[in-house]
1. For chain B, set up a GNM with springs between Cα atoms under 10 Å and report which of B:Gln17, B:Gln271, B:Gln134 has the largest fluctuation.
2. Would you work out the charge dipole size for the range A:276-404 about its Cα centre, treating the Cβ of every Lys and Arg as +1 and the Cβ of every Asp and Glu as -1, and quote it to the nearest 20 debye?
3. Would you mind telling me the antiparallel percentage of the DSSP bridges in the range A:1-119, rounded to 5?
4. Tell me, which residues of the range A:150-191 get at least 30 Å² less accessible area when the other protein chains come in, versus the chain alone (1.4 Å probe)?
5. Could you tell me how far the Cα centroid of the range B:235-278 sits from the Cα centroid of the range A:10-49, in Å?
6. Identify which of B:Glu256, B:Glu275, B:Glu173 has the largest mean-square fluctuation in a Gaussian network model of chain B, with springs joining Cα atoms closer than 10 Å.
7. Under the rule of at least 5 residues apart or a separate chain, name every residue whose amide H is placed under 5 Å from the amide H of A:Tyr4.
8. For the protein assembly as shown, just the Cα atoms, rotate onto the principal axes and tell me the three extents in Å, largest first.
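The values are calculated or read from the model by the stated rules, or taken from the named source; none is laboratory data. What you see is a predicted model, and the numbers here were worked out from it, not measured in a lab. Backbone-built Cβ (ideal geometry, glycine too); neighbour counts: all protein chains shown. These area figures cover heavy atoms from the full protein model, side chains too; ligands, DNA and RNA do not enter into them. Shrake-Rupley method; radii C 1.70, N 1.55, O 1.52, S 1.80 Å.
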Amino acid sequence: MSDYEHYEALVVGAGPGGAAAAATFANYGIETLVLERGAEAGSKNVSGGLIYAEESAPYTIDDLFPGFREEASERPITKYRIHNLAGDKVESFDLTKLHEHDTEWSDSVLRRKMDSWLEDRVHERTRETGGGLLTGVHVTGLLREEGKIVGVETDELDPITADVIVAADGVNSELARDAGLMDWDEPEEWFQGVKAVVDMPNDVIADRFDVGEDEGAAHLFSGDLFQGVRGGGFLYTNRDTLSLGTVFHLDSLVAEQAEPHELLDAMLTHPLLAQWLGDDYTELEYSAKLVPDSKKVALREPHFGRLLVVGDAAGQMQAQGPIIKGMNHAVTAGALAAEAYAQAKSRNEPEKAGTRYAHLLRSEGVMQKLRPRGYEMFRGVTEDDGVTDIVESVLTSFVGRAGIRALSGQLERLYNVPALSSMIPDTQTPYVTLPTVIAEELGTPVRETSSVTPPSLEERIGDLTYDTDIGNPHITVLDNSWEASGAAVAACPVSAVDFGGGCYREELVRTNGSEERVVSLDTQPCVECGTCAVVADTEWTHPRGDKGVEFKWG
Amino acid sequence: MHTVVLTKGVPDFREGQVSFDEDGHLERGKTPTVMNPNDQFALEAALQTRVRHGGNVSVMSMGPPGYKEVLQEAMESVYADDLYLVSDREMAAADTWATAITLSAAIENLDEMPDIIFAGFKTADGETGHTGPQANWCLDMPLVTHVISLDIDEEERTLRAKRLVEGDIEEIETVEVSLPAFVVTDPEFVPSYRSAGERLTLKDLRAATTERAPDYEDYLTVWDHADINVDPDYIGLDGSPTIVSSVDPIPKAPAEREATMVEPEDVDGMQEVLEAMQSAVGGDAAAAEGD
Ligand SMILES: Cc1cc2nc3c(=O)[nH]c(=O)nc-3n(C[C@H](O)[C@H](O)[C@H](O)COP(=O)(O)OP(=O)(O)OC[C@H]3O[C@@H](n4cnc5c(N)ncnc54)[C@H](O)[C@@H]3O)c2cc1C
Ligand SMILES: Cc1cc2nc3c(=O)[nH]c(=O)nc-3n(C[C@H](O)[C@H](O)[C@H](O)COP(=O)(O)OP(=O)(O)OC[C@H]3O[C@@H](n4cnc5c(N)ncnc54)[C@H](O)[C@@H]3O)c2cc1C
Ligand code: SF4
């Protein structure tokens with residue numbers, strides 16, 4: 001083998017998945033190098049985010065990183081409610097039981113703070129093994145020798161080889177794609193998350209949400225406020241900020257040609273939120289990122305040769321009804337991948353690390369959560385267009401409405417059944433129709449009016465920090481025809497139809513009397529969400545290390 | 001590898017820091033002293049050498065006791081093992097020649113002769129760029145100036161450097177010299193760390209520096225002229241052949257000028273611009289238009 005720089009284990013990405021993998025390797029005394037593209041871990045990351053420690057999980061973040069809850073997270077979430085909205089009518093259910101199911105604890109987090117805290121610990125522990133953690137290094141792809149994966153290539157460093165490589169590089173994993181494990185072709189397989197972090201003093205939070213120092217609230221929103229796009233909104237309390245955001249099925253967003261920032265604004269300005277947001281709305285940060293739907297993309301065999309793929313990179317992001325569980329699974333998978341390698345090595349068969357890892361994911365019950373059997377079994381029926389149409393028309397009919405009224409005492413309990421929520425079909429019904437009908441039939445009108453004026457897209461972009469890689473755009477449009485790439489103009493969270501300051505723009509090109517509708521791209525305002533990798537025809541990569549957007553909150 | 005970096009304190013010329021009196025003279029008392037910005041590149045070069053080849057870095061300055069903080073700044077910005085301040089009333093008012101004699105004597109006074117001495121390119125106040133080369137004239141090592149990158153072969157004890165010819169970024173030559181050598185870094189110098197191991201070492205060094213910089217005085221040695229064995233006649237004002245006869249302010253451009261904006265599409269307007277330019281340089285607009 002050529003004389004490349006070599007480490008025993010190489011971890012790409014310092015999110016929760018990468019941090020867990022690296023800490024576990026270090027626990028086994030394995031020399032580990034971690035490469036992260038951001039200037040600091042967390043500067044590229046966005047989450048809702050409630051991190052769960054599941055009772056059934058073999059590894060949780062505080063097992064691996066003592067002191068995590070005290071130093072890196074925001075608040076324990078002790079109240080969990082969902083609000084079904086129709087016009088100004090609201091019917092709310094308490095979902096604390098569902099939230100507490102299989103939950104040892106659940107805290108709200110902000111990713112810049114959380115990941116940078118993890119970064120220090122990971123560096124310290126991997127340094128003792130002879131490796132360490134480096135930021136500002138963008139891994140561009142796999143290094144192969146004689147067709148076999150042996151290491152990685154980067155923008156900043158000479159190629160590096162390793163005995164085991166853990167791809168924890170998140171959604172839009174360049175490594176998973178390079179290995180042929182993931183493609184970015186189907187919008188059905190992804191959600192798009194958009195988020196705003198809002199300033200709010202600790203005592204105001206205590207007052208408006210009725211929570212003590214070690215308590216926090218989560219509020220979820222669904223119904224008719226999102227222009228029929230499948231998905232919902234969330235509001236989580238942090239220590240002295242709020243996290244508000246939306247998560248929508250990407251295919252639905254594209255089909256409705258909805259503008260993500262407008263959907264977020266629809267929630268922010270809804271009268272129900274006036275009681276919490278008051279009249280002093282100060283937005284600190286606007287951000288976005290794709291979210292994989294594990295039900296459809298979680299890799300059953302997330303490995304290839306020496307490469308083990310964990311977390312979002314392997315599609316391990318579970319939407320359990322309204323509850324979003326990505327970070328916890330990334331932690332578990334990261335630790336299991338490292339454990340699998342250590343076990344395989346001790347049996348003198350390190351080449352079996354990948355299959356061992358996949359085996360552990362199954363035997364520890366992770367796979368069953370990511371790809372629930374119930375969903376797989378019923379999907380054929382519940383997502384069948386004909387069946388959906390019937391359900392929709394019954395539900396909205398007199399009979400359906402009467403049924404909802406009859407069920408009124410039971411609905412809250414049904415919403416709290418974990419098995420049901422993990423089987424929710426991917427149709428209009430659970431996201432839009434059912435909540436709307438519930439609110440129409442059972443809801444009471446909200447009295448408050450909203451005085452929130454969210455910033456414009458231009459202001460939001462203006463408030464973000466960028467280190468632009470001038471002359472070296474990280475995304476190029478391969479086919480700029482409207483048919484191939486036009487969807488990005490609306491779907492890109494920092495672009496909009498009739499807005500000139502975003503990434504994607506519509507342009508009319510006149511040639512010899514005929515007019516062609518095309519798109520143009522300027523990556524300067526890009527928040528690296530990954531949407532256009534899926535909905536447009538692009539050559540998509542992340543920017544070089546340290547370059548691009550820098551989130552302060554995440 | 002043992003390297004020495006020469007650095008000087010200069011007035012902080014940044015907006016909001018620097019202060020001038022009514023006659024346009026610098027008010028030194030009111031202007032903070034900072035490390036000469038160009039010396040950052042010399043420090044980076046020394047750091048790169050240490051990261052790649054191990055050893056230690058010493059930072060040295062000749063100047064008043066207030067330069068201690070400049071040395072602290074140098075230690076904070078890159079790792080430095082020890083600091084030397086050459087300071088004494090006899091050294092005051094030195095020109096570049098006397099400064100060079102003092103610095104070279106101090107270098108020779110070190111326990112061990114360094115492998116490389118780094119100096120910056122020009123200070124923000126004196127701006128002669130003489131001090132480095134003159135100091136080396138006394139030390140008599142191979143000298144490479146305008147260095148933008150360097151590679152060292154420890155076994156062969158050679159240094160290979162890329163340098164700008166005549167300070168021109170368009171023209172780069174590679175030279176090889178034997179060690180010990182004297183290197184003047186160009187502001188275009190870019191350190192390069194292409195291996196993870198180097199970057200990890202760099203991280204270790206930065207962490208260690210952050211820890212020791214507050215106690216920089218523990219690593220500081222102060223020498224006067226007797227310590228470095230120089231004759232007071234050859235240093236400071238007495239040793240300076242340069243005589244400053246007078247200092248004249250650079251005349252300022254008139255604050256208010258008249259401007260007429262002309263759009264490039266405006267043909268008549270552009271013609272007027274052309275005529276105005278021709279008359280300014282004494283040409284003939286009509287002739288220029290002719291062909
Ligand atoms: C709006 C929104 C709300 C969400 N809400 C929740 C929630 O409430 N609870 C929950 O558990 N999950 C939530 N998620 C999902 C969760 O954020 C992810 O599942 C989780 O972050 C995945 O962790 P990871 O370690 O796999 O990847 P990431 O956290 O994305 O980390 C990947 C890391 O790799 C780095 N990287 C990427 N590419 C490269 C490269 N080529 N070279 C070097 N470094 C690279 C990145 O900079 C990043 O630091 C939400 C997501 C979004 C967008
Ligand atoms: C014409 C003239 C007259 C002067 N007269 C006086 C005077 O009367 N009184 C007075 O106080 N000063 C005087 N000076 C300033 C003094 O000579 C210079 O500041 C000093 O010699 C350094 O020269 P420089 O600033 O041009 O540095 P340069 O030669 O431009 O510096 C190049 C590099 O040399 C190194 N270096 C320079 N000076 C030092 C130092 N002191 N310690 C360590 N490293 C150093 C640094 O690495 C620096 O980047 C005069 C300067 C000139 C040009
Ligand atoms: S350009 Fe693409 S990756 Fe960047 S913000 Fe827009 S959709 Fe997301």
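1. In this elastic network of chain B, the residue with the biggest mean-square fluctuation among B:Gln17, B:Gln271, B:Gln134 is B:Gln271.
2. Working: 16 positive and 17 negative charges, 187 e Å.
Here the range A:276-404 has a charge dipole of around 900 debye.
3. Working: 13 of 17 bridges.
Restricted to the range A:1-119, the bridges split so that about 75 percent are antiparallel.
4. Checking the loss per residue gives A:Glu156, A:Leu157, A:Asp158.
5. With the range A:10-49 and the range B:235-278 each reduced to a Cα centre, they are spaced 55 Å.
6. B:Glu275
7. none
8. Principal extents (Cα only, largest first): 108, 83, 58 Å.
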